[in-house]
Every structure is written in structure tokens, then in C-alpha cells.
Amino acid sequence: MKKRSQSLSSFSQIPLASPISLILVFVISILSFLGGSLYQSQKSQTTSNQETQISEKLIVSRVVDGDTVQLKNGKEVRLYGISTPEKKESYYSEAKQFTESLVLNKEITLVQEEKYKQDKFGRLLGYVFVDGVNLNIELVRNGLAKVVLYEKRAKIKYQDELLAAENNAKSQQLAIWSR
């Protein structure tokens, strides 16, 4: 019993926090909470600004070549991050036919990078999705397109998937990689 009373008495010797200290701890806690909430809202705003999805109904009326399509509204869309063979190159026809088979006369979803929405020719730049399939990646996966990245630009949205698809197509020596 004696030990118990000694330990209780040693507690009474600890000074209680002053009201100012308690107020400071409370204010710091609230500021920390609010600061974290502000950071999260800015972070989610930045993430959503990294890409833009065009919500109007987009229907492909013509395939110009493997990596360029024309919409019913007259605008052209250039697939971002890839390049298919040009007219006089091997696999030009195959790339164009592949694109036609996936998107011609179909409704697509166009997802764009925030900073790269148009090229110097006025074409829209982006990733074309049809029925949830990313055409850009599918062309690369099938050896009908090369990945095109620019050193001075930031990492693009589907860069890892595009590079993995290209490496796989190369290792399997598909289409343009069969030479």
C-alpha cells in the first residue's frame, strides 16, 4: 500500500499542461487536418487535369491511315504516342485495315493528355478507345506501330503499357519487327 501511495503522490508532482499549451495543441491539430484535406483536394484536381476525356459522341467516318482517323464532325484524330508505317512502307495496309476493323463507323472515346491536345496540323491528339479497348496499345501489341516518346516531354499516360506491348511485339518478331 505504501508503494501505491508513493506512485500516486509522484503523479501529483507532474505539472498540468497550461491552458495555452492545450489550445496550441488543439489549433495545430486542426490546421494539420485542414492542410491534409486541402492537399488531397489539390492532388485529385491535378490528377483529373492530367487527362481530358471528350464527352461528345464521336463516330469514326474514315480511317486515313493506321494512326489517323476522321470523325463524322470532320475533325481528324492522330493517335498519341505511336507511329504506324507510312503509305510506301511495309505493313501500311495491315495497320490501316487493323484500325478500320476496330473503329470504322463506331463510336469511340477520345482521351487526351492535358498538354498535348493538338498537333501542328490541327489534328486532335489522343488515345482512342472503342468498347473499352485502347487502339493505340493494340496497334503496338500487334506489331503494327512503334512507340514514339519525346525526351523533353513528361511521361505520358499509357507509356508503360505501350512500351511493354512494343517489347512483346519485338520479342515475338510481329509485323514491323519481323525484318
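The values are calculated or read from the model by the stated rules, or taken from the named source; none is laboratory data. Since the structure is predicted, the reported quantities are computational estimates derived from the model, not experimental observations. Here the Cβ is made from the backbone with ideal geometry for all residues, glycine too, and neighbour counts use every protein chain on show.
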**Q.** Leading residue by the ranking (modelled with the highest pLDDT) among those in region 137-164 that are of a type in the set (Gly, Ala, Ser) and within 16 Å of the chain's Cα centre (by Cα)
**A.** Ala164
Q.
Please verify whether Ser29 is assigned to a helix (DSSP H, G or I), surrounded by fewer than 15 Cβ atoms within 10 Å (Cβ to Cβ), among the hydroxyl-bearing types (Ser, Thr, Tyr) and at pLDDT 55 or above, treating the condition exactly as stated.
A. yes
**Q.** First in region 60-78 and modelled with pLDDT of 95 or more, second anywhere and assigned to a strand (DSSP E or B) and among the small types (Gly, Ala, Ser), Cβ under 6 Å, 6 or more apart
**A.** Gln70/Ser61; Lys72/Ser61
